[in-house]
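Novice: A single structure is presented below for examination.
The values are calculated or read from the model by the stated rules, or taken from the named source; none is laboratory data. All values derive from a computational prediction rather than experimental measurement. Cβ: placed from backbone, ideal geometry, glycine included. Neighbour counts: every protein chain shown.
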Amino acid sequence: MNTKSLHRLRLPVAAWCGVLAAAVALGTGHLLAALLEPRASPFLAVGNSAIDLTPEPVKQFAIRTFGQADKIALLGGMAIVIALLAAAAGLLSRRDARPGVALIGAFGLLGVAAVLSRPDVGALGVLAPLIAALAGIAAFRLLHRTALAATDLPAPPRTEHDPHDTLEEPYDPELLPETTTPDRRRFLVSSVAVAATAGVTGAAGSLLTGGRDAEASRRTVAQALAASPAQTVPAGADFAAAGTPSFLTANRDFYRIDTALSIPRVELADWRLRVHGMVERELDLGFTELRRFPQVTRTITMTCVSNDVGGPYISTAEFTGVFLRDVLLAAGVRPGSEQVFSTSADGFTAGTPVEALLDPERGALLAYGMNGEPLPAEHGFPVRMVTPGLYGYVSATKWLTDLELTTFDKPAYWIERGWGRFGPIKVQSRIDRPGGFGRIPAGRTTVAGIAWAQPIGIERVEVRVDRGPWQQAQLSTEVNRQTWRMWRTDVDLAPGGHTIECRATDHNGTTQTPQRAPVLPDGATGWHSVFCTAR
């Protein structure tokens, strides 16, 4: 009998070799990316490419289903898929390592392609997926070789009562009893070493990437913010006791919807902002130069275009920075300029109408402070755009590095994916109390919520129960027309089920439309309603 034909890895051992090799490749790639190009990590580059290539209906489904955890869900799903593919590579290599090596090499090429497709990664970044693939192949070959040696089998025994019997008992080598041998111990040691390498390289890459958000940078911005005292929120600006949000949203609670799978870490000393294109004078600004413009603090409500009717993606904060209008005027806007094409450190782009950014009443900002603190990394540190009255996808670029004055012939990220060009915020309102399908006491009860129509402001909010007559709600104190307003009113509810609706009207007299429209292409419309049961 040819014993070599029996040398094949057990199913779990083969799968384990593939998974460990994939882990080494990902960890190595993550560490090298942290040292060379943070966004060249193969895992993150493939994830970012997946985001870019995902059809819009699927993206909106992910946002509706997972909310601000959509990126965590994507990364988790990718990890599961990679583990399954790596296990399959191992299973295909039970006798010969070559199928697994080929598959790991193919994964490496996919990582290279993903890195090359990223606009924010230089040529040096290709080294990360290349070396990661080589590390994965080396780990796989080592594990496969030691695992195969540990499965060496003796020739099958003959029966003692008939030494001339040449028939062999059929047997499955996977059913042979395990024994402790030097080769088996060698495989165990190799597995532990490979797993440790994967863990150490991955953790080191994460630590190095996170360390780029230097504390010294934040201290510098904090010193600048000290010169601009916080705004005073007037009494009655919210009805939090009645169930509305507080007027100002804490930084940790401020919504975040963007395309960044990993948060760019930009040190202030390395940050530059280029202003160019259809301008009289090209500007190249560091933080010191930016601070020469007058510093202002403004209270602004931001709204995401992905907000369904009644959705959560709206927040308010005090932003500190400089007027974007001042910077554009310093550069000299040439006639014919239609949009400011902004670019993020991670390659994201947005196109904002020049008219909106030059409007002194609107007061768009280059912001570096948020609620009296330096911008959090996830909200765009060190500098981001904040433009009242426009949805963020056209006006709120984070980690800002470039402003180009140009025409609308140059499409930005979301415009290429079918979204509207201008993105004005629509008149909307939301019921926060009672919650949908809630159970409340019958009789007199308070209904409360929020309304917004930046930059025009809210004039009134009306509420009705079970399609009855509309009744006007009490509005909170108006802080400015760039922010939301809270509202509340009391209604009588008889025992049973009830549908409560709300609608808002802005200062121009435009009333929120009842016609339902999805978020694509330029924001949802419709009256928000909740069903509750009075008992």
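Novice: Scan the range 370-427 for residues that are farther than 21 Å from T301 by Cα and not basic (K, R) and report the count.
Specialist: Within the range 370-427, the subset farther than 21 Å from T301 by Cα is 401-419.
Among the residues that remain, those that are also not basic (K, R) are: 401-409, 411-416, 418-419.
Within the range 370-427, residues that are farther than 21 Å from T301 by Cα and not basic (K, R) number 17.
Novice: Now for a different question. Looking only at the range 75-89, decide whether some residue is at pLDDT below 85 and assigned to a helix (DSSP H, G or I). So that I can check it myself, show each step before the final result.
Specialist: Kept after step one, since they are at pLDDT below 85, are these residues of the range 75-89: 75.
So of that shortlist, the ones also assigned to a helix (DSSP H, G or I) come out as 75.
Yes, the range 75-89 contains at least one residue that is at pLDDT below 85 and assigned to a helix (DSSP H, G or I).
Novice: I would also like to ask the following. Can you tell me which of (1) surrounded by fewer than 21 Cβ atoms within 10 Å (Cβ to Cβ); (2) on the phi > 0 side of the Ramachandran plot; (3) not hydrophobic (A, V, I, L, M, F, W, C) is the one P376 doesn't meet?
Specialist: Only one criterion is unmet by P376, namely (2).
Novice: Can I ask one more? Can you pull out the strands (runs of 3 or more DSSP E) entirely within the range 308-358 that have at least 3 residues that are more than 18 Å from A412 (Cβ to Cβ) and either in contact (Cβ under 8 Å) with a residue 40 or more places away in the chain or not assigned by TED's automatic domain parsing to the domain that holds G372 (or both)? Don't jump to the end; show me each part of the working.
Specialist: On the way: elements: 314-323, 339-344, 349-353.
It comes to 314-323.
Novice: Quick check on G286: is it surrounded by fewer than 16 Cβ atoms within 10 Å (Cβ to Cβ), in the same structural domain as V394 (by TED's automatic domain parsing) and more than 30 Å from H30 (Cα to Cα)?
Specialist: On the way: surrounded by fewer than 16 Cβ atoms within 10 Å (Cβ to Cβ): yes; in the same structural domain as V394 (by TED's automatic domain parsing): yes; more than 30 Å from H30 (Cα to Cα): no.
Taking the combined requirement at face value, the residue does not satisfy it.
Novice: Could you identify the single residue in R274, R252 that is closer than 30 Å to V447 by Cβ and within 29 Å of the chain's Cα centre (by Cα)? Let's see the steps before the verdict.
Specialist: Working: R274 fails: closer than 30 Å to V447 by Cβ.
Unique residue meeting the criteria: R252.
Novice: Also: Among the residues of the range 292-306, which ones are charged (D, E, K, R) and surrounded by fewer than 18 Cβ atoms within 10 Å (Cβ to Cβ)? Let's see the steps before the verdict.
Specialist: Of the range 292-306, the ones charged (D, E, K, R) are 292, 298.
Passing the criteria: only R292.
Novice: Turning to a different aspect of this structure: Specify which of the listed residues (V333, V340, V354) is crowded, with 24+ Cβ neighbours inside 10 Å and of a type outside the set (K, R). Reasoning before the result, please.
Specialist: Values: V333 fails: crowded, with 24+ Cβ neighbours inside 10 Å; V354 fails: crowded, with 24+ Cβ neighbours inside 10 Å.
From the options V333, V340, V354, the qualifying one is V340.
Novice: For the range 399-436, which positions are surrounded by 16 or more Cβ atoms within 10 Å (Cβ to Cβ), hydrophobic (A, V, I, L, M, F, W, C) and farther than 30 Å from E459 by Cβ? So that I can check it myself, show each step before the final result.
Specialist: Step one: list which residues in the range 399-436 are surrounded by 16 or more Cβ atoms within 10 Å (Cβ to Cβ), which gives 399-406, 412-415, 417, 419-434.
From what's left, hydrophobic (A, V, I, L, M, F, W, C): 399-400, 403, 405, 412, 414-415, 419, 422, 425, 427, 431.
If the condition is that a residue be surrounded by 16 or more Cβ atoms within 10 Å (Cβ to Cβ), hydrophobic (A, V, I, L, M, F, W, C) and farther than 30 Å from E459 by Cβ, then W399, L400, L403, L405, A412, W414, I415 are the ones that fit.
Novice: Would you check which residues across the range 290-306 are assigned to a loop (DSSP other than H, G, I, E, B) and either in the same structural domain as I63 (by TED's automatic domain parsing) or more than 30 Å from A524 (Cα to Cα) (or both) and list them?
Specialist: Of all residues in the range 290-306, those assigned to a loop (DSSP other than H, G, I, E, B) come to 291-294, 304-306.
Within the range 290-306, R291, R292, F293, P294 qualify.
Novice: Hey, another quick one. For V461, all conditions in the list (1) surrounded by fewer than 20 Cβ atoms within 10 Å (Cβ to Cβ); (2) over 19 Å from C304 (Cβ atoms) hold save one; what is the number of the exception?
Specialist: The failed condition is (1).
Novice: So, in the range 224-243, exactly how many residues are at pLDDT below 95 and either in contact with a Leu (Cβ under 7 Å, 6 or more places away or on another chain) or assigned to a helix (DSSP H, G or I) (or both)? I'd like the intermediate steps shown before the answer.
Specialist: Of all residues in the range 224-243, those at pLDDT below 95 come to 224-235.
The next check asks that each one be either in contact with a Leu (Cβ under 7 Å, 6 or more places away or on another chain) or assigned to a helix (DSSP H, G or I) (or both); those that pass are 224-225, 233.
So the answer is 3.
Novice: Those residues that are β-branched (V, I, T) and within 31 Å of the chain's Cα centre (by Cα), I need them from the range 478-512; list them, please. Reasoning before the result, please.
Specialist: First, pick out the residues of the range 478-512 that are β-branched (V, I, T): 479, 483, 489, 491, 499-500, 505, 510-511.
Scanning the range 478-512 gives V479, T483.
Novice: Let me ask something else about it. Being outside the structural domain of A345 (by TED's automatic domain parsing) and more than 28 Å from R256 (Cβ to Cβ) is true for just one of R95, R64, R39. Which residue is that?
Specialist: Details: R64 fails: more than 28 Å from R256 (Cβ to Cβ); R39 fails: more than 28 Å from R256 (Cβ to Cβ).
Selected residue: R95, the only one of R95, R64, R39 that is outside the structural domain of A345 (by TED's automatic domain parsing) and more than 28 Å from R256 (Cβ to Cβ).
Novice: Run down A227, A241 and say which single residue is surrounded by fewer than 17 Cβ atoms within 10 Å (Cβ to Cβ) and touching a strand residue (DSSP E or B) at 6+ places or on another chain (Cβ under 7 Å).
Specialist: Values: A241 fails: touching a strand residue (DSSP E or B) at 6+ places or on another chain (Cβ under 7 Å).
Answer to the check: A227.
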